[in-house]
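Notes for the one structure printed next.
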Amino acid sequence: MDFTGRIIDLMKKNMQSFISGEVLSRELGITRSAVWKRVKGLRTQGYIIEASPSKGYRLLSIPDILSSKEIKDSINCSIQIIGKEVYVFQEIDSTNIKGMELGDKGYSEGTIILAETQNMGKGRLGRSWISPKGNIYLSVILRPDILPSQAPLITLMAAVASASALRNAFNIGVYIKWPNDLLINSKKVGGILTEMKSEIERINYIVLGIGVNVNMDSSLFPPDVRVNATTLKESVGRELPRIEVISVLLKELDKWYKIFLNKGSGPVFDEWRRLSPSLGKRIKVMSLNRIIEGIAEGLDDYGGLIVRLDDGKTEKVVSGDVTVIN
Ligand code: BT5
C-alpha cells in the first residue's frame, strides 16, 4: 500500500480523534512535511481532515467514493461467497453487461461489479434503469447448481436479502413487489435484474443485478418515473454513506444465497411472503401478451406468481408487471 493509503488507514483507526504528525511520520518512515503534503492531497479528494499544529490530524469524514479496497474492508471476515473479488468502475454501460463479459471469461462465483454511474443501465424487457451518480449499481456473478427454470428463484432470494438488509440497517419499511421491485411507501427504491447464460439443462452463470436509489437528487427522474420512484435519502431524511449500504447488502446477500443453496427455496419463500404486502390483494398483471386480474395467492415452486381469477381458476404468471388494485 502507498503512503497515502497507509495514512488513511492509520487515521481511520483513530477516526474522530487526533493522531500526531510525528506518529504518522514515524509509522511511515517519511518526513512530517511529506505527511502534510499527502494530507493536503487527501483533502482535495474530499476527505475532511482537521489539522492542528499542537495535536496533529483528525479524520472527520470520508468521501462517498466507491473503492474496491473500502468495500472489501467493510465486508471482511463476515462473508464467504459474495464479494471475493470487487471491481469498481467510474462509468460503465451496465454492470450486468460487464458481469456477463466476466462470466464468459470464467470469473469466479461471488465476483462483484460496481459502478458510480451507468450510461445504459438495464431494466427488464429492454427497459432502462436511470443511473445517475449517488446510487448503487451492483452486479454479482453466481454459479449455482440449479436448473435454468429455477433462475427466477435467485431474483426472489435477492429481493428478500436486499429488503432485509435495508430494513435492519436503516429501520425503514422496505417491501417486495413480485417479481423484482423493492418498495418504500409503494414507491420503487430499487430493482433487480437477473440474467443468465445457460444450456437447456445447466446454468453456466447468473448475473444478478441490483440497483438501489440512495442519495440521488430525485428531480433527475423524468416525471413519469418520478411519481413511482423514491430514494433511501428521502425515507431516512439524510444522505447515507453508500459503503455502509453496500456492505449490509453484500452481507445479507451472502447469508440468503447460502440459505438458498443449503436449504432450498423454503426459507426464502417464507421471508418473501412476510415482506410482500400485495399477497392476498387484488392485482392486475400485465405480461407481454396479456393482462389478467385476480387475487395474488402465492408462489409456485419456480418463483412464478399464482393468481386466482374471478372464475375460481388459477393462473401461473412467469413474468410481468403487477399493480395492486385498491
Ligand atoms: C428493474 O427493471 O427494476 C431492474 C433494475 C435493475 C437495475 C440494476 S443496476 C445494476 C444492474 N445493471 C444494470 O444494467 N441493471 C441492474 P424493471 O422492473 O423493468 O423496471 C424498469 C422501470 O423502472 C423503468 O421502465 C422505469 O419506469 C423505472 N425506473 C427506471 N429507473 C429507475 C430508478 N432509478 N428508480 C426507480 N424506478 C426506475
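The figures follow:
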| quantity | calculated |
| --- | --- |
| Lys, Arg +1 and Asp, Glu -1 on Cβ, resulting dipole of segment 1-154 about Cα centre, debye, nearest 20 | 500 |
| Cα-based reach from K281 at 25 Å (exclusive), listing lysines while leaving out same-chain residues under 8 positions away | K177, K187, K188, K313, K316 |
| Whole-percent pair-distance distribution, where bins are 10 Å wide, for the alpha carbons of segment 162-304 | 10, 36, 36, 18, 1 |
| Solvent-accessible heavy-atom area per residue, rounded to whole Å², over segment 216-312 at 1.4 Å | 51 |
| Length-normalised contact order for segment 138-204 - Cα pairs under 8 Å, 6+ apart - percent | 36 |
| Relative contact order (percent, whole number), segment 1-124, Cα cutoff 8 Å, 6+ residue spacing | 20 |
| Accessible-area composition of segment 1-133, carbon plus sulfur, in percent [1.4 Å probe] | 51 |
| Cβ crowding within 10 Å averaged over residues, with 232-245, 209-222 ranked highest first | 209-222, 232-245 |
| Taking all pairs of distinct alpha-carbon atoms in segment 3-114, Kirkwood radius in angstrom | 16.1 |
| Bridge type composition, the chain - antiparallel percent by DSSP, nearest 5 | 90 |
| Angstrom value of the Kirkwood radius, inverse mean 1/r, which spans all Cα pairs in segment 1-63 | 11.3 |
| Residue with peak Gaussian network fluctuation, the chain [Cα springs, cutoff 10 Å], from L299, L156, L288 | L288 |
| Within straight-line cross-link reach of K84, lysines at Cα separation under 19 Å, skipping those fewer than 8 residues along the same chain | K69, K72, K98, K105, K251, K255, K258 |
| Kyte-Doolittle at least -1.0, axis length at least 24 Å by Cα - qualifying DSSP helices, the chain | 152-170, 242-263 |
| Loop-resident sites, segment 254-315, for trypsin sites (Lys or Arg not before Pro), counting at most 13 other Cβ within 10 Å (DSSP) | K281, R290, K313 |
| For the chain, calculated [θ]222 nm from helices alone, where every DSSP H run of n ≥ 4 adds -39500 (n - 2.57) | -10000 deg cm²/dmol |
| Cβ-based net charge around V35, under 15 Å, with every Lys or Arg adding one and every Asp or Glu removing one | +4 |
| Cα-Cα P(r), the chain, percent of pairs per 20 Å interval | 30, 52, 16, 3, 0 |
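The values are calculated or read from the model by the stated rules, or taken from the named source; none is laboratory data. In this text, all values refer to a predicted model and were calculated from it rather than measured experimentally. No Cβ is skipped: glycine too gets one built from the backbone with ideal geometry, and neighbour counts run over all protein chains shown. These accessible areas exclude ligands, DNA and RNA; they are computed on the full protein's heavy atoms, side chains included. Shrake-Rupley method; radii C 1.70, N 1.55, O 1.52, S 1.80 Å.
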